[in-house]
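The values are calculated or read from the model by the stated rules, or taken from the named source; none is laboratory data. Values in this document were obtained by computation on a predicted structure and should not be read as measured data. Neighbour counts are summed over all protein chains in view; Cβ atoms, including those assigned to glycine, are modelled from backbone coordinates with ideal geometry. Surface areas here come from the heavy atoms of the whole protein model, side chains and all, with no ligands, DNA or RNA. Shrake-Rupley method; radii C 1.70, N 1.55, O 1.52, S 1.80 Å.
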Amino acid sequence: MVEPDHHRFDTRALHAGQRPDPTTGSRAVPIHQTTSYVFDSVDHAAGLFNLEVSGHLYSRISNPTVAVLEERLASLEGGVGAVCTSSGQAALHLAVATILNAGDHVVASRNIYGGSHNLLNLTMPRFGITTTFVDPRDPDAFSAAIRPETRLVFAETLGNPGIEVLDVAAIAEVAHAHGLPLAVDSTFATPYLMRPIEHGADIVIHSVTKFLGGHGVAIGGVVVDGGRFDWAAGGKFPTLSEPYDGYHGITFTEEFGTAALSMRARAEGLRDFGGCMSPANAFYLLQGVETLPLRMARHVDNTHRVVEMLDAHDAVSWISHPSHPSHPDHELAARLYPNGAGAILSFGVHGGREAGRRFIEAVGLASHLANVGDAKTLVIHPGSTTHQQMSADDLAAAGIGEELIRLSVGLEDPDDICDDLSRALRASQKA
Amino acid sequence: MRFDVDGRSVHAATGAVPVDGTDATARPLVLLLHGAGMDRTVWSQQTRWLAHHDARAVAVDLPGHGRSDGPPLGSIAELAAWVAAVAEALGGPVHVVGHSMGAFIGLEAAAHHADSVASLVLMGLGAAMPVHPDLQAAADADDPLAADLMAGWMHGPDQKFGVNPTPGMTMTGTSRAVIETSPDGVLGLDLAMCAAYDGAADAAAAVTCPTTLVLGRLDRMTPRRAAQPIVDVLAHAMVVELATAGHAPMMEEPDVVRSALADHLARA
């Protein structure tokens, strides 16, 4: 049997979306630090503005450096296209605002990043879009929460911070049975560890800031369009399947078919909301994507070492990582994530909140900050930082106890990471 | 846009410019025909541009493809007769722009339904279109491998790297999704129909309307040399050769194809 003639994943991480610059021969992706682009003619300009021809016209809408990152991420995820944004939060907002209207409803996992929870729970209701939060491990709960006005199902492939493993195919089946798309935030997984579109997801969102960028130097997000969802069936998605006055009556599903979502997200979303990625940030993030396969393999190896160390440590009350047999999704993770279920884990320290505080203050190599997916090991206490706007009830529902420490395992020598954590754990037990 | 042909609904993109069968303007009526397992959106770089540049553009979903009613038709000759019916429904004759299987349909329609076809623009074609047995087998089984194989073969080698003319899009990814989402059985039927069609050279010899051929020199599905018998008998045809394009010039070199269409319509 012949095989498809495509570059393989590791090669696409380095090359997809770019050929050496034809004018200068530049091998690296050039930073096109420009706001705008000279038109060939008045007709060419009019054609660009009217979506008759493609190309760059203004860097809020598209930019050659950003386009390389977009095409590369779309290729790695197996989508039809992608739209990069100024942050991961801007990506989630772009997806929601492109698909939904006032009066529409979202069914979302309750175990998601605090910022995403805020957007859906507190902010979008001001614009008439409401959300019901459900247990990500319960497909029936998603189904039961779907209403006639529901237009989107949303979850994280690896939850934050409990690393709940989403059964993407099961939730996609529920969504599709109701004529709805499944959007997933796959920031913790990256396409190296799991590609949600292959399991039935329709939209993949990333904070590119994290493992994709990998070095903690630039903020960015992306919406990857899977291209398989039929937006025209059922009449539920008028932004995509009805004429739009913004481009002289264009109907995105009719003109662009599988690319309808990404075309509208760019043509309307970036034009009007303006949450675009800067070309410099795209360049920085591309440097990370180039080594994604190498880094993720090391992140995962180091994580397994850290889990082993924590598991044996007397100061640790519990560990939550899918590689640990105690994790409720251990078997699912082994099936969906054969190369490892990421490098974020959480654990509890005997002694509760105070012991957790002493642990955080005692780490030396690990950095205490609000980020994950850096090359460097990071720790944080979500209850007082990333998830602090959540109520006590919401925190409890999301499984975020006061003693919970979230760890993003970096690329340092694993012995040094373990030594540092072990020292801090000992310190945490000294009242 | 939707209209009825033979009692079945046909779906088409028109660049959001309505096309009325009673339109008496002098704007040429351009009918764009996609290839095997594809749909109207392969022409998204041309349809809207034509519609806003003094043409009436109708990029159809062939029967049973995209959002047009089925069933799919089973031979190039049947599809050529369908084109004639479409031309009548639209108040034709039509300038047919065909890709791959759509090029075969255009040739057959121009040869056997000459009153319905004002001119031809054909791309991604050879005198014959043999289909790799593994591709045919995967398509017959509705195996996603078929979409993957076609997406890899239908574009020139540059597209292994990408750089889509449309920012942020991936050409192979889009082609794969279009084929993958085609209704079950359609791709296998289309490929078998292409492989079985042996009338291209005879049809080309019978064509009298203005014709333009747009040929990618790096076409791996219908190599440039496979088009030569067509070129030889279409003595009056204009031939546009693209040095770096593969089997889908309208996606890979959209600017050149738009220029070729403009030149063609100006002389047709």
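Structure notes:
- Cβ crowding within 10 Å averaged over residues, with B:46-52, A:218-224 ranked highest first: A:218-224, B:46-52
- Convex hull of Cα atoms in chain A, direction-averaged projection (nm²): 22.0 nm²
- Label-zone membership for the range A:101-127, site A:Arg147, 7 angstrom Cα→C-beta point, backbone N under 14 Å: A:101-108, A:121, A:125-127
- Top positive-direction residue, dipole computed over the range B:122-268 with Cβ charges, set B:Gln136, B:Pro183, B:Ala151: B:Ala151
- Most mobile listed residue (A:Asp413, A:Asp374, A:Asp394) in chain A, GNM with C-alpha springs under 10 Å: A:Asp413
- The listed residues A:Trp318, B:Trp82, once ranked by accessible area (1.4 Å probe) with the largest placed first, stand as A:Trp318, B:Trp82.
- Euclidean distance of C-alpha centroids, the range A:402-431 and the range B:199-243, integer Å: 69 Å
- Our note on the geometry: Cα centres of the range B:35-103 and the range A:113-158, 41 Å apart.
- Delta accessible area of at least 50 Å² on complex formation, residues of the range A:1-41, 1.4 Å probe, chain isolated as reference: A:Met1, A:Val2, A:Pro4, A:Asp5, A:His6, A:His7, A:Arg19
- At a probe radius of 1.4 angstrom, the accessible area of the range A:268-421 per residue rounds to 40 square angstrom.
- Rounded to the nearest 20, the size of the Cβ-charge dipole of the range A:37-288 about its Cα centre is 600 debye, with Lys and Arg at +1 and Asp and Glu at -1.
- A:Ile319 - accessible surface, heavy atoms, 1.4 Å probe, Å² rounded to 10: 20 Å²
- Converting the Cα gyration tensor eigenvalues of the range A:292-428 into ellipsoid dimensions via √(5λ) gives semi-axes, longest first, of 22, 18, 15 Å.
- Burial order of peptide ranges B:163-169, A:23-29, A:251-257 (average beta-carbon count within 10 Å, highest first): A:251-257, B:163-169, A:23-29
- Using only side-chain charges placed at the Cβ, +1 for Lys and Arg and -1 for Asp and Glu, the dipole size of chain A relative to its Cα centre rounds to 740 debye.
- Peptide A:59-70 has a mean of 2 when you count, residue by residue, the C-beta atoms of other protein chains within 10 Å of its C-beta.
- Solvent-accessible surface, computed for protein heavy atoms with a probe of 1.4 Å, shrinks by 10 Å² or more for the following residues of the range B:39-55 when the other protein chains are added to the isolated chain: B:Arg40, B:Thr41, B:Ser44, B:Gln45, B:Arg48, B:Trp49, B:His52, B:His53.
- Average beta-carbon neighbours from other chains, 10 Å sphere, peptide A:50-57: 6
- Shown here are the Rg and Dmax of the Cα trace of the range A:37-288, at 17.3, 56 Å.
- As computed over chain B, the Cα convex hull volume per residue (Å³): 107 Å³
- Among the protein heavy atoms, those of A:Asp415 account for about 80 Å² of accessible surface (1.4 Å probe, every chain in place).
- Separation in nanometres of the label points that stand 7 Å from Cα toward Cβ, at A:Glu173 and B:Ala205: 5.8 nm
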